[in-house]
Amino acid sequence: MMKKENKDYIVLMAMILTTLLSKMLGMVRDMLIAGDYGITYEADAFFIASRIPNNFFDFALSAAVVSTFIPIFNRTIHQKSEKEAFQYANHFLTFALILSGAVAFVLLILPEPLVSIFGPGLGVEASKLAAELTRYMAPVVIFATITFTFVGLMQSYGHYVMSSAISIFSNAVVIVYLMTLNSNFGLVGLAVAFTIGWGVQAVVQMPMMAREGYIYKPQLNLRSSDMRDTIRMTGPVLFSTWAQPASAMIISILASYYSGGVALMEYANRVYIIISGVLVYTITNYVFPKLSKTFSQKNKKGFGHVIEKSLELFIYFGLPVVFITVLFSEEMIRVLFERGLFDRTATVRAGRILGVFIWGLMGLGFKEILNRVYFAMGNSRLPLWITLVGIGLNLPLSIGLGRLMGLEGLALGATLSMVFSSGIMLAISIRRGLIANWVEFIKRFLSILFVDTVLFYGLSRILPTLQYGTLKTVVIMGGITLAYFACHVGLLKILKVGIPSLQMESY
């Protein structure tokens, strides 16, 4: 058992490190964009254009790719055969490619009305530029479909590390472009580089899939039981995963009415995405195949064990990350972006937005883990209703708070809606018995919250603003973060709350 747990820790740490490297390269990419374009109308146009294909994938296809494909593929392997599972993968990917191709075609021929929807507050020049860039990035929808289908296959076979590392390749493509060709080809070339980067993500996974015996063959049978289940589940699952992309879209639309608002929200959100990607999505990507496997094996005890350990793991590491980010939000933005056209004023504004965004991390983590619990169970209704509640809250909260607080109010509206909706989902899950030891779970949560609140309050009272050079600021932040986590672990041990175990598959 000890060897198994050590192996689990090694896999998870490798996932964290590769995800972190991917996100760091993404941040280098964004630093270069910020230095070249700042918070100008060109930056607003680019971010709107890049968000359009991503949102179409998130809204129309990601649910089917991520949340229905993996459990049905695993079920087919365990209950039928690998050959039939590969046939299902062919049927699924062919169907998804047809849909994504149709979406890409719409983006190609009708970018102007889409830009007016996603960026209604943009000026004429920015809107025209955003429409042009959208055409170049239309194929991203197709490449994203292939990429995430292959990710699902790799995770089903236990290849977590490679699936965490794929964005390294796409970020590298864009970074090379920005450092060598951007001065010659500008934003149009950048849009092409983004599209090529997504294509590379799909291609690099093919050799590993071939080693597992899978090579894609165009096949389509919508009448097979697996595809019927996929189509039946996709609708509700689709809506239930809209919380995050809907929040991003609402914020982008409302921010377009502020000068440089889209770019400021995007830069702050990129830092938030790095943090959530390393923490939330590493954990959810790690546990989702385990949830699907234990549920398909009708292992009720094992299924509940994975749920509890997943939430416990997230709380233990998530809360200190939130408090550390609030402490250093402005310093993070300054180190990452303050150069070229991105000035001190932009740093302060983006830092405040990040300090608001990060409070939604706990809500996002709970919701993403519990979403996957219900998807593994084949129950998409509850995630659907919870998502609708979150979206229903997000819009009025963001509009109302935006009028009072500006861009920070937009961020606060999104944060409050995420926290509130995830709290409802957690309460329902406890009531349904999915978290059997819920009293102990609440106690551990409150203990961790108490410890980190005390640490945060103490540091915030004595910590000065770090007005040093980049390297010195990074070293100081790193040292304080390590000391914070050491105190976090030590104080929780005194309260008899140990580091969570990763042993999720031996019961």
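Assorted remarks:
- Once the range 81-137 is narrowed to residues that are hydroxyl-bearing (Ser, Thr, Tyr) and within 25 Å of the chain's Cα centre (by Cα), the residue that is surrounded by the fewest Cβ atoms within 10 Å (Cβ to Cβ) is Tyr136.
- Test result for Ala376, under 27 Å from Met233 (Cα atoms) and free of Cβ contacts under 8 Å to residues at least 60 places away in the same chain: no
- The set of residues from the range 250-274 being out of contact with any Leu (no Cβ under 7 Å at 6 or more places or on another chain) and aliphatic (A, V, I, L, M) comprises Ile253, Val262, Ala263, Ile273, Ile274.
- Every condition in (1) farther than 21 Å from Tyr272 by Cβ; (2) more than 20 Å from the chain's Cα centre (by Cα); (3) surrounded by fewer than 20 Cβ atoms within 10 Å (Cβ to Cβ); (4) not acidic (Asp, Glu) holds for Leu388 except the one numbered (2).
- Of note, Gly199 does not satisfy the criterion of being out of contact with any strand residue (DSSP E or B) (no Cβ under 6 Å at 6 or more places or on another chain) and either without any contact (Cβ under 8 Å) to a residue 60 or more places away in the chain or surrounded by fewer than 16 Cβ atoms within 10 Å (Cβ to Cβ) (or both).
- Checked against the criterion of being at pLDDT 80 or above and in a helix (DSSP H, G or I), the candidates Ser252, Ser247, Ser310, Ser292 yield just one match: Ser310.
- Only one of Leu361, Leu384, Leu354 that is modelled with pLDDT under 85, of a type outside the set (Ser, Thr, Tyr) and in the same structural domain as Ile435 (by TED's automatic domain parsing): Leu384
- Close pairs (7 angstrom Cβ cut-off, 6 or more residues apart or separate chains): in the same structural domain as Phe314 (by TED's automatic domain parsing) in the range 438-457, not hydrophobic (A, V, I, L, M, F, W, C) anywhere: Phe441/Glu308; Arg444/Glu312; Ile448/Tyr316; Val451/His488; Asp452/Pro320; Asp452/His488; Leu455/Tyr484; Leu455/His488
- Yes/no for Lys367 being surrounded by fewer than 21 Cβ atoms within 10 Å (Cβ to Cβ), assigned by TED's automatic domain parsing to the domain that holds Val419 and closer than 22 Å to Glu440 by Cβ: no
- Flag for Asn182 being surrounded by fewer than 21 Cβ atoms within 10 Å (Cβ to Cβ) and not basic (Lys, Arg): yes
- Sole residue being of a type outside the set (Gly, Ala, Ser), part of a helix (DSSP H, G or I) and more than 30 Å from Tyr374 (Cβ to Cβ), chosen from Val141, Val106: Val106
- Filtered by the rule that a residue be farther than 22 Å from Glu368 by Cα and either surrounded by 17 or more Cβ atoms within 10 Å (Cβ to Cβ) or among the aromatic types (Phe, Trp, Tyr) (or both), the range 391-405 gives Leu401, Gly402.
The values are calculated or read from the model by the stated rules, or taken from the named source; none is laboratory data. All of these numbers come straight from a predicted model, not from anything done at the bench. All Cβ positions, even for glycine, are placed from backbone atoms using ideal geometry, and neighbour counts span all protein chains on display.
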